[in-house]
């Protein structure tokens, strides 16, 4: 019972201590709230607020200074215009009187004087350039109304004086002269006189008549022999840059409806490229050339294609690729280069430290390390060279010469020369 009583006392003492601490904290907090909440901060009134304006560095120009600058520029512009007007007035005075002195008002030209001078000028021009035939009557323009002949005075600002300007001369009456031009008559061509070159050039050219002797229609075909062989490329820019080939026509050409055309022994230029998937060389025709019995030469572009012995477009050939040998050399160079790299690493020691890894040569194996380094690096570069060379090489399709093929035209062409045999 004594032990239980001591335990209870200790527990009660702890509870009382905790209650006292909590009460002390609560009391301190209450006092702090009362002290801090007693005086509220004074709200600033509108009278205490003051507005201050700050001018940016680029806006440090007062409105009065800005207005003064604009006014100065306008005044300078007006002074320039005034000086220009004064210069024009002086020039006008010099034109009226070469001496530079304006004539008095009594001596100024009137409208009747100007009309008299104008009539005298017209008479002098008529005497100098007499017309070939009577001209049409000249219709004079109506005179301007009286109120339009007066001078207009510009509005003058108040407080300024306007310089006296000389009176503007009376308006000059103008007239309209009608001139008729006759087209040159072209004489009709007489019998036995040919048409002039100019008339011939202006006339519309007529297309020649299409006959079996002068025109090769589309779909026409004939046999030909290859006079030159062809190594048709299969990659890169082969189709846009084909290789040339020469053919000779061996027999009469076959036209539609069982007609024949004689183009035997004419030459035909073509251009061909290879196709890797079908292993065929495709040749298209470009130029047909013949020499006639009278010595005339025919050289015209033609569009067509070549058909092989198997009746298909193109010619079957041998696919030849030299990339295998180059790739083998690259493989051999890479293997030997790897051996050299292995010799280099076997003669060196690699140590790792907090500052990084370092490689050092073993004592007495410097020669082995040097040989391995040189062989490895040089053969690696050689292997890269062979790989680059292999990328630039493409297979070709070999076509032998003296093979017999068929030529088919895909578009018609004029050929008015009969070959000479």
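Residue-by-condition table, conditions (1) in contact with a strand residue (DSSP E or B) (Cβ under 7 Å, 6 or more places away or on another chain); (2) surrounded by fewer than 17 Cβ atoms within 10 Å (Cβ to Cβ); (3) assigned by TED's automatic domain parsing to the domain that holds residue 303:
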position	(1), (2), (3)
357	yes, yes, no
366	no, yes, no
370	no, yes, no
375	no, no, no
378	no, yes, no
384	no, yes, no
402	yes, yes, yes
405	yes, no, yes
409	yes, no, yes
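Can you tell me which residue in region 96-117 is nearest to the chain's Cα centre (by Cα), limited to those that are outside any loop (DSSP other than H, G, I, E, B) and at pLDDT below 75?
Initial filter on region 96-117 (outside any loop (DSSP other than H, G, I, E, B)): 96, 105-107, 111-117.
Filter once more, so that each one left must be at pLDDT below 75: 96, 105-107, 111-114.
Working: 96: 59, 105: 68, 106: 71, 107: 69, 111: 64, 112: 66, 113: 66, 114: 62 Å.
The residue in question is 96.
Listed here are the residues, each with its yes/no results for (1) within 55 Å of the chain's Cα centre (by Cα); (2) more than 30 Å from residue 243 (Cα to Cα).
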{"site": "337", "(1), (2)": "yes, yes"}
{"site": "343", "(1), (2)": "no, yes"}
{"site": "352", "(1), (2)": "no, yes"}
{"site": "371", "(1), (2)": "no, yes"}
{"site": "393", "(1), (2)": "yes, no"}
Conditions (1) touching a strand residue (DSSP E or B) at 6+ places or on another chain (Cβ under 8 Å); (2) touching a residue at least 40 places away in the same chain (Cβ under 8 Å); (3) more than 22 Å from residue 412 (Cα to Cα): number failed by residue 236
(1)
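The values are calculated or read from the model by the stated rules, or taken from the named source; none is laboratory data. Keep in mind that what you see is a predicted model, and the values were worked out from it rather than measured. When we count neighbours, we look across all protein chains shown, and the Cβ atoms used for this are built from the backbone with ideal geometry, even at glycine.
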